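Written below as structure tokens is the structure these notes are about.
What follows draws every value from the coordinates through simple rules; no lab data is involved. It should be emphasised that the depicted structure is a prediction, and the values quoted were computed from it without experimental measurement. Please note: Cβ atoms are built from the backbone with ideal geometry, for glycine as well, and neighbour counts cover all protein chains shown.
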Amino acid sequence: MPFNLSSLFKKNSRQEDEEIILVSGLPRSGTSMMMRMLEAGGKPVVTDNIRTADESNLKGYYEFERVKKLREGDTQWLKDARGKAVKVVSAHLEYLPADYRYRVIFMRRHMPEILASQRKMLKSRDEPDDQVSDEKLAELFQKHLVQVENWLSLQPNFEVIYVSYNDVLENPEVNIQRINEFLGGKMDTEKMLGVIEKNLYRNRLPAVEKPA
């Protein structure tokens, strides 16, 4: 039987439509910015707009409340998320069912900036921000990240790319190209680039150690 190139392209297209794109990472690691980039680049996003923009996230959170119920077995919505992007922070990844294929953009950010951003957000909401020291919280976060990344490496239905929030701001074109290739090469990279606003990088800390 002769090789049919067009059928290969159709097969790849169907596979992309079946995969669920997950934007993940710790809270305050740049997941909302990445969701905006994907939306601008032409990828449909799953969000309910219940959590609206505020001074801690001026462009919106891009969250979907039912993600928080994955632990309870609320997974029916996933069938309609195929071919779309949804934000699922790292703590919820392990509750995703194994009968779907996922393509994960996992955001990393300098830990001191995550902690500073988290405390600033809590303060803006008049919530206590001194229950755990930065040192202890950093230790807990790092341990969690090691566990999650090890878990992801063992999942046959997950493909993962790790993206540094800090490096996206410093080298946007290179990172956008990586993301575009990871997602099949069909994104509008110019519109993705237009989303990146360095003036929103408000928790930059000097002399921080780059993520491994």
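Annotation: amide H-H contacts under 5 Å for residue 51 (H modelled 1.01 Å from N, sequence separation of 5 or more, or interchain): 63.
For the pair residue 159 and residue 139 in one chain, pulling the backbone fully straight at 0.36 nm per residue adds 4.5 nm over the alpha carbon distance.
Using 0.36 nm per residue and subtracting the Cα-Cα separation, the extra length available between residue 95 and residue 77 on full extension is 5.1 nm. For residue 108, the residues 5 or more places off, or on other chains, whose built amide H falls under 5 Å of its own are 163, 164, 165. Cross-link pairs exceeding 26 Å in C-alpha to C-alpha distance, out of 43/120; 69/191; 43/68; 79/191; 87/186, comprise 43/120; 69/191; 79/191. Of all DSSP-defined beta bridges confined to the range 21-195, some 5% are antiparallel rather than parallel. Charged side chains reduced to their Cβ positions (Lys and Arg at +1, Asp and Glu at -1) give the range 71-172 a dipole of some 360 debye around its Cα centre.
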